[in-house]
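Each remark here refers to the structure printed beneath this line.
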Amino acid sequence: QQQVKQSPQSLIVQKGGIPIINCAYENTAFDYFPWYQQFPGKGPALLIAIRPDVSEKKEGRFTISFNKSAKQFSLHIMDSQPGDSATYFCAASVAGTASKLTFGTGTRLQVTL
Amino acid sequence: NAGVTQTPKFRILKIGQSMTLQCTQDMNHNYMYWYRQDPGMGLKLIYYSVGAGITDKGEVPNGYNVSRSTTEDFPLRLELAAPSQTSVYFCASMNGGERDYNEQFFGPGTRLTVL
């Protein structure tokens, strides 16, 4: 049972473009939504995270948009660079449950010159 | 700080063999986790621990066992390896607390192939 659905599976954009990755969840108890970035051969690393009491969070070129009523959240990468080429995972967890993360299936992003 | 370290990096097992994947963290984190990552499937939680002596099952625990005798170490044991256990295994740790909104730090992974 997949509780966090992520799309698209892969994405190719040109340098300077704005890739958007979308996630939808089913469990309304989720109250923490992180995004992880993974480079080939490495473990995932936290990129940015949001809680449902805000609709948007921005850190540098990375922005999370959150729509609680639609149970959706998305990652936007402004002015994308070749160094942003990686796999991105959305995730969700419920407070008080040892922060067990439910991950989406991942989006492989390639930023071309 | 080395962070989260995992050994070995790669391993090939024959069906029915056993092995232990090692995980150590030097950040004094109380929470630790084991995930497996399969192509196109994201990461699935196998087992987790909220402190020494405390472990619990995640989403996909069958075929695995864990122990947590110290804060630093959280080994994952495969008793009878099966081809379905071919995967990349990640260990993670976190400074857990009442709010549980902290970052999980991941190790570099162990790529396991069962033939």
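The values are calculated or read from the model by the stated rules, or taken from the named source; none is laboratory data. Here the structure is a predicted model, which means the values were calculated and not measured. All Cβ positions, even for glycine, are placed from backbone atoms using ideal geometry, and neighbour counts span all protein chains on display. Heavy atoms of the whole protein, side chains included, go into the accessibility calculation; ligands, DNA and RNA do not. Shrake-Rupley method; radii C 1.70, N 1.55, O 1.52, S 1.80 Å.
Going through (1) closer than 17 Å to residue B:44 by Cα; (2) crowded, with 16+ Cβ neighbours inside 10 Å; (3) in contact (Cβ under 8 Å) with a residue 60 or more places away in the chain one by one, residue A:44 falls short only on (3). Every condition in (1) touching a residue at least 60 places away in the same chain (Cβ under 8 Å); (2) surrounded by 13 or more Cβ atoms within 10 Å (Cβ to Cβ); (3) among the hydroxyl-bearing types (Ser, Thr, Tyr) holds for residue A:63 except the one numbered (1). Screening the range A:38-64 for residues that are more than 12 Å from chain B (Cβ to nearest Cβ) and not in a loop (DSSP other than H, G, I, E, B) and picking the one that is nearest to residue A:109 (Cα to Cα) gives A:62. Can you tell me which residue in the range B:10-23 is nearest to residue B:86 (Cα to Cα), limited to those that are within 14 Å of chain A (Cβ to nearest Cβ) and surrounded by 14 or more Cβ atoms within 10 Å (Cβ to Cβ)? Going through the qualifying residues, I end up with B:21. Residues of the range A:94-113 that are open to solvent by less than 30 Å² (accessible area, probe 1.4 Å), part of a loop (DSSP other than H, G, I, E, B) and either more than 10 Å from every other protein chain (Cβ to nearest Cβ) or under 20 Å from residue B:96 (Cα atoms) (or both): A:98, A:99, A:101.
What residue, of B:53, B:40, B:109, is farther than 21 Å from residue A:45 by Cβ and out of contact with any helix residue (DSSP H, G or I) (no Cβ under 9 Å at 6 or more places or on another chain)?
Working: B:40 fails: farther than 21 Å from residue A:45 by Cβ; B:109 fails: farther than 21 Å from residue A:45 by Cβ.
After applying the criteria, what remains is B:53.
So for the range A:11-30 (the condition being under 30 Å from residue B:23 (Cβ atoms) and open to solvent by 70 Å² or more (accessible area, probe 1.4 Å)), does at least one residue qualify? Checked against the condition, which is being under 30 Å from residue B:23 (Cβ atoms) and open to solvent by 70 Å² or more (accessible area, probe 1.4 Å), the range A:11-30 yields no hits at all. Scanning the range B:29-43 for residues that are within 16 Å of residue A:87 (Cα to Cα), facing chain A (nearest Cβ under 8 Å) and open to solvent by 10 Å² or more (accessible area, probe 1.4 Å) gives B:40, B:41. The criterion of at least 3 residues that are within 14 Å of chain A (Cβ to nearest Cβ) and open to solvent by 60 Å² or more (accessible area, probe 1.4 Å) is met, among strands (runs of 3 or more DSSP E) falling completely within the range B:52-109, by B:54-57.
One line per residue, one yes/no per condition, for (1) in contact (Cβ under 8 Å) with a residue 60 or more places away in the chain; (2) among the hydrophobic types (A, V, I, L, M, F, W, C):
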{"site": "B:20", "(1), (2)": "no, no"}
{"site": "B:39", "(1), (2)": "no, no"}
{"site": "B:42", "(1), (2)": "no, no"}
{"site": "B:61", "(1), (2)": "no, no"}
{"site": "B:80", "(1), (2)": "yes, yes"}
{"site": "B:89", "(1), (2)": "yes, no"}
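Here residue A:3 meets each of (1) free of Cβ contacts under 8 Å to residues at least 12 places away in the same chain; (2) open to solvent by 40 Å² or more (accessible area, probe 1.4 Å); (3) under 23 Å from residue B:56 (Cβ atoms) with one exception, condition (1).
On inspection, residue A:91 qualifies as part of a strand (DSSP E or B), within 14 Å of chain B (Cβ to nearest Cβ), open to solvent by less than 50 Å² (accessible area, probe 1.4 Å) and under 18 Å from residue B:34 (Cα atoms).
Is it true that some residue in the range A:73-88 is open to solvent by 60 Å² or more (accessible area, probe 1.4 Å), within 14 Å of chain B (Cβ to nearest Cβ) and touching a strand residue (DSSP E or B) at 6+ places or on another chain (Cβ under 6 Å)? Show your work before the answer.
Kept after step one, since they are open to solvent by 60 Å² or more (accessible area, probe 1.4 Å), are these residues of the range A:73-88: A:78-79.
Pick out the ones that are also within 14 Å of chain B (Cβ to nearest Cβ) and you get none.
No.
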